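What follows is a structure written as structure tokens; I'll ask about it next.
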Amino acid sequence: MRRAQNRESRPRIAIVGANFAGLAAARTFGRDYAVTLIDSSPWFEWLPNVHELLSGTRRPADLRLPRARLVARAGHRFVRATVTAIDAPAGRLVTATGRQFEFDACILAVGGVNDTFGVRGADRYALPFGSVDACVLIGRRLAALARRPGRRSVVIVGGGLEGIEALGEILRKYRQVDDLSVDVVEAGPRLLAGTPPRLDAAVRAHCEGRNVRFFTGSPVTAVTPHRVRLRSGESLRSDLTLWTAGATAPPLLLDSGLVDAPRQWAPVTRALRSRKFDNVFVIGDAAALPRPLAKQAFFALQMGACAADNVRRSLAGRALRNFRPSPKPMLIAFGDLDTFFVSGRSVIASPRLAALKEAVFQVTMAELDPPLNAPAAQALTGRLSRAARRLVLPGW
Ligand SMILES: Cc1cc2nc3c(=O)[nH]c(=O)nc-3n(C[C@H](O)[C@H](O)[C@H](O)COP(=O)(O)OP(=O)(O)OC[C@H]3O[C@@H](n4cnc5c(N)ncnc54)[C@H](O)[C@@H]3O)c2cc1C
């Protein structure tokens, strides 16, 4: 990789996207690199718990950390901007306001965007799910709906992880509300695809006798202000439609020549280097690895560290190292009714496991943003020990 000449004597690293993957990459660079992280939003967001905003169990401030502070602590520069194109051969990227940044190596960690699969009306009438702001809006709309008299119905499109965690939060807060029903629509044959089948059965068992219906194998064909239509011909009444059906690649990948067609994730080598440009590495959800990998936060964190190491190797003319994912168990929350610990084909289910999910959240947030003073450290210790007690002591 050739190093561009300018007044900055250190190698210049541009990291686009400063959430799980991008931040993890940045944190491993020392001050001997000029690292600039660019993200459209000022907040790091802990996405695996955003569903809890629907019930008010969590507030937005619990799930957000200021990027400027996290990046400054790592000794780097944070720029709030939206990158509109990366000119890899020129070693330059440009933002929506026309600012340009030159780089010797670029790490792209831009995640994905909501995918409505071209379903008519979905962009307009269904609320997307994958951010703090989106879930705050859904939480407000649910609260307003619950206050309204008469029959009300919510439709969740997507019976995967996000859809089922959303359902759990709705049941946590609103299961006592009369005449509030929830329909879950899933295009595939069962809920929580990719997990052991008994999870589908466990979720359905928790919903027996409640105002919940499941429509599996039923792709949605259209969404209108008060209806969700299915390919089967059914038409579901909906006062509030949530869209949790998936994500696709952001247009930036195509606009920067990293892919050949819209909606493709960026192909990378086993060392996470773009297959199109040697000076670009793609990590996290945006990357298409030679062997497909679940789009999970813990893989994004691992890829961040690996790509940063490979950037250093590449700039020093050394051989790159292949990314070796280290899978972790999954914790799937179902409101206060249950939590599933999934490791390969094994499943343990218990509402008490919510404390373990809480501990993972608290520890990782504290690692990202270590408490700076004694009261903050004490508050963290208190939260952790409460989570641990709930896990191990009966009756909590
Ligand atoms: C509701 C939900 C629940 C989840 N639950 C879990 C879970 O339980 N466990 C788990 O491991 N994973 C979970 N995930 C998946 C996990 O959140 C993702 O795998 C992870 O966020 C991917 O990290 P990333 O850094 O690649 O992308 P992201 O976290 O999506 O970050 C991408 C960043 O890039 C920025 N960006 C995008 N385009 C541009 C641009 N053009 N210019 C500047 N900035 C840009 C965005 O603002 C964003 O900050 C969940 C995801 C969701 C949405």
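The values are calculated or read from the model by the stated rules, or taken from the named source; none is laboratory data. As the structure is a computational prediction, the values presented were derived from the model and not from experiment. With ideal geometry, Cβ positions are generated from the backbone for all residues, glycine too; neighbour counts draw on all protein chains shown.
Rundown of residues vs (1) assigned to a loop (DSSP other than H, G, I, E, B); (2) at negative phi; (3) surrounded by 24 or more Cβ atoms within 10 Å (Cβ to Cβ); (4) in contact with a strand residue (DSSP E or B) (Cβ under 9 Å, 6 or more places away or on another chain), yes/no style:
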site: Ala222; (1), (2), (3), (4): no, yes, no, yes
site: Leu236; (1), (2), (3), (4): no, yes, no, yes
site: Leu258; (1), (2), (3), (4): yes, yes, yes, yes
site: Lys276; (1), (2), (3), (4): yes, yes, no, yes
site: Pro290; (1), (2), (3), (4): yes, yes, no, yes
site: Phe299; (1), (2), (3), (4): no, yes, no, no
site: Ala305; (1), (2), (3), (4): no, yes, no, no
site: Arg318; (1), (2), (3), (4): yes, yes, no, no
site: Leu331; (1), (2), (3), (4): no, yes, no, yes
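Counting only residues that are near the ligand (Cβ under 8 Å from one of its atoms) and buried (at least 24 other Cβ atoms within 10 Å of the Cβ), which one in the range 45-60 is nearest to Phe299 (Cα to Cα)?
Val50
Something else about it: Mind listing just one residue for me: the one in the range 241-256 that is out of contact with any Phe, Trp or Tyr (no Cβ under 9 Å at 6 or more places or on another chain) and in a loop (DSSP other than H, G, I, E, B) and, of those, nearest to the ligand (Cβ to nearest atom)?
Kept after step one, since they are out of contact with any Phe, Trp or Tyr (no Cβ under 9 Å at 6 or more places or on another chain), are these residues of the range 241-256: 247, 250-252, 254-255.
Going one step further and asking which of them are in a loop (DSSP other than H, G, I, E, B), we end up with 250-251.
Working: Pro250: 5, Pro251: 9 Å.
Once the filter is applied, the top-ranked residue is Pro250.
Looking at Ala134, Ala144, which one is surrounded by fewer than 16 Cβ atoms within 10 Å (Cβ to Cβ) and part of a helix (DSSP H, G or I)? Show your work before the answer.
On the way: Ala134 fails: surrounded by fewer than 16 Cβ atoms within 10 Å (Cβ to Cβ).
Checking each option against the conditions leaves just Ala144.
Another one. Tell me which of these Gly91 doesn't satisfy, since it passes every other one: (1) more than 11 Å from the ligand (Cβ to nearest atom); (2) out of contact with any Phe, Trp or Tyr (no Cβ under 7 Å at 6 or more places or on another chain); (3) within 25 Å of Pro262 (Cα to Cα).
Only one criterion in (1) more than 11 Å from the ligand (Cβ to nearest atom); (2) out of contact with any Phe, Trp or Tyr (no Cβ under 7 Å at 6 or more places or on another chain); (3) within 25 Å of Pro262 (Cα to Cα) is unmet by Gly91, namely (2).
What is the one condition in (1) within 14 Å of the ligand (Cβ to nearest atom); (2) part of a loop (DSSP other than H, G, I, E, B); (3) surrounded by fewer than 18 Cβ atoms within 10 Å (Cβ to Cβ) that Thr84 does not satisfy?
(2) is the only condition that Thr84 fails.
Would you mind finding the one in Val282, Val220 that is modelled with pLDDT of 95 or more and more than 20 Å from the chain's Cα centre (by Cα)?
Working: Val282 fails: more than 20 Å from the chain's Cα centre (by Cα).
None of the other options fit; the residue is Val220.
What number of residues within the range 88-126 satisfy the criterion of being part of a strand (DSSP E or B) and free of Cβ contacts under 8 Å to residues at least 24 places away in the same chain? Full working, then the answer.
Here is the first cut: in the range 88-126, the residues part of a strand (DSSP E or B) are 92-95, 100-102, 105-108, 113-114, 120, 126.
Now restrict to residues that are free of Cβ contacts under 8 Å to residues at least 24 places away in the same chain: 92, 94, 100.
Count: 3.
Might you let me know whether the range 336-350 holds any residue that is among the aromatic types (Phe, Trp, Tyr) and under 20 Å from Arg27 (Cβ atoms)? Walk me through how you get there before you give the answer.
Applying the first criterion (among the aromatic types (Phe, Trp, Tyr)) to the range 336-350 yields 340-341.
Checking which are under 20 Å from Arg27 (Cβ atoms) leaves us with none.
No, the range 336-350 has no match at all.
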